[in-house]
1. Listed residues 56, 61; which is crowded, with 23+ Cβ neighbours inside 10 Å, within 13 Å of the chain's Cα centre (by Cα) and more than 26 Å from residue 208 (Cα to Cα)?
2. Name the pairs: first residue in the range 201-222 and β-branched (Val, Ile, Thr), second residue loosely packed, with under 14 Cβ neighbours inside 10 Å and part of a helix (DSSP H, G or I), Cβ to Cβ under 9 Å, at least 6 apart or on different chains?
3. In the set 200, 221, 139, which member is farther than 20 Å from residue 48 by Cα and modelled with pLDDT under 95?
4. How about the range 161-174: which of its residues are surrounded by fewer than 24 Cβ atoms within 10 Å (Cβ to Cβ) and within 13 Å of the chain's Cα centre (by Cα)?
5. Just to be sure, is residue 49 at pLDDT 90 or above and open to solvent by less than 10 Å² (accessible area, probe 1.4 Å)?
6. I'm trying to understand the selection: among the residues of the range 88-113, which are modelled with pLDDT under 90, open to solvent by 50 Å² or more (accessible area, probe 1.4 Å) and part of a helix (DSSP H, G or I)?
7. For the range 142-160: of the residues being outside any helix (DSSP H, G or I) and buried (at least 19 other Cβ atoms within 10 Å of the Cβ), which is modelled with the lowest pLDDT?
8. Of the residues that sit in the range 66-84 and are exposed (fewer than 15 other Cβ atoms within 10 Å of the Cβ) and not charged (D, E, K, R), which one is nearest to residue 149 (Cα to Cα)?
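The values are calculated or read from the model by the stated rules, or taken from the named source; none is laboratory data. Everything numeric here is computed off the predicted structure, so don't read it as measured data. FYI the Cβ positions are ideal-geometry reconstructions off the backbone, even for glycines, and counts take in every protein chain you see. Just the protein is used for accessible areas: all its heavy atoms, side chains included, with ligands, DNA and RNA removed. Shrake-Rupley method; radii C 1.70, N 1.55, O 1.52, S 1.80 Å.
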Amino acid sequence: MGTSPSADNEQSPPAGRTPAQASSAARRVARARRRKTSGRRLFAFDRELGCRYVAGADEAGRGSLAGPLVAAAVLFDLERLTLSDRRALSRLNDSKQHTAETREELYPLVLRGAARSVIVSRCVSGIDGRGLHNTNLEALRTALLGVARNGSVCLVDGFNVPEFGFEQRAVIDGDCRSAAIAAASVLAKVSRDRYMRKVAERHPEWDFETNVGYSTPEHRAAIAQHGVSPLHRLSFQSIAYNQLALEG
């Protein structure tokens, strides 16, 4: 008479793996599955608003030491969004949740699926002159004005922008809740990163190719060694600048 496998054998990890390794692998698979379907959840949020036209806006570069602030807005026509487009955008999520390669893959898919899209950039001198917060609000508002249409609801990640004639709603953590905001975050992040990597050729001392202007230890060390470039924001309160006793 044969024997039945024990409960311990049924729960044993795959050959060559410890229980911890098997558990880690299972978590990675689960995360990958969530990434592949995150867009469905985000589009469901937008559909629950009960509006055919949903616009979302987000920015990239607000917290960087160098480079422009880039804002983007995307309008989705939820009644005309094709099944092909929805499938193509099934991985849509907050741009920070993706690798640079995945963001580049999503970029043309967002442009194809959007009814309208706008990308605006605000330079360093403008940020230093008007202030970061004011510049950010103005850029987001301008981007939304470029895509909004009658009957649309406009979503912004975290806060409202100054009144501009269309219904708007602030969505906390909107870039990981709303498809329109997440799509805008991809356009803004990819556009800004492309620019910073391009200008890195003219300013090699600060390694913008790698840090795209953000405050990494290597970037701060480069500022301490070389000072600042024309792309650095002197109005930004940073220990990297305080070390140089710079006056902005």
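1. Numbers: 61 fails: more than 26 Å from residue 208 (Cα to Cα).
Checking each option against the conditions leaves just 56.
2. So the pair list comes out as 210/218; 216/210.
3. On the way: 200 fails: modelled with pLDDT under 95; 139 fails: modelled with pLDDT under 95.
Answer to the selection: 221.
4. Start the filter on the range 161-174 by keeping residues that are surrounded by fewer than 24 Cβ atoms within 10 Å (Cβ to Cβ), which leaves 161-173.
Once the filter is applied, which keeps residues that are surrounded by fewer than 24 Cβ atoms within 10 Å (Cβ to Cβ) and within 13 Å of the chain's Cα centre (by Cα), the range 161-174 yields only 173.
5. On the way: at pLDDT 90 or above: yes; open to solvent by less than 10 Å² (accessible area, probe 1.4 Å): no.
No: the conditions fail for residue 49.
6. Within the range 88-113, 96, 97 qualify.
7. Looking at the filtered set, the residue picked out is 157.
8. Step one: of the range 66-84, the residues exposed (fewer than 15 other Cβ atoms within 10 Å of the Cβ) are 79-80, 82-84.
Still in the list and also not charged (D, E, K, R): 82-84.
On the way: 82: 20, 83: 23, 84: 24 Å.
The selected residue is 82.
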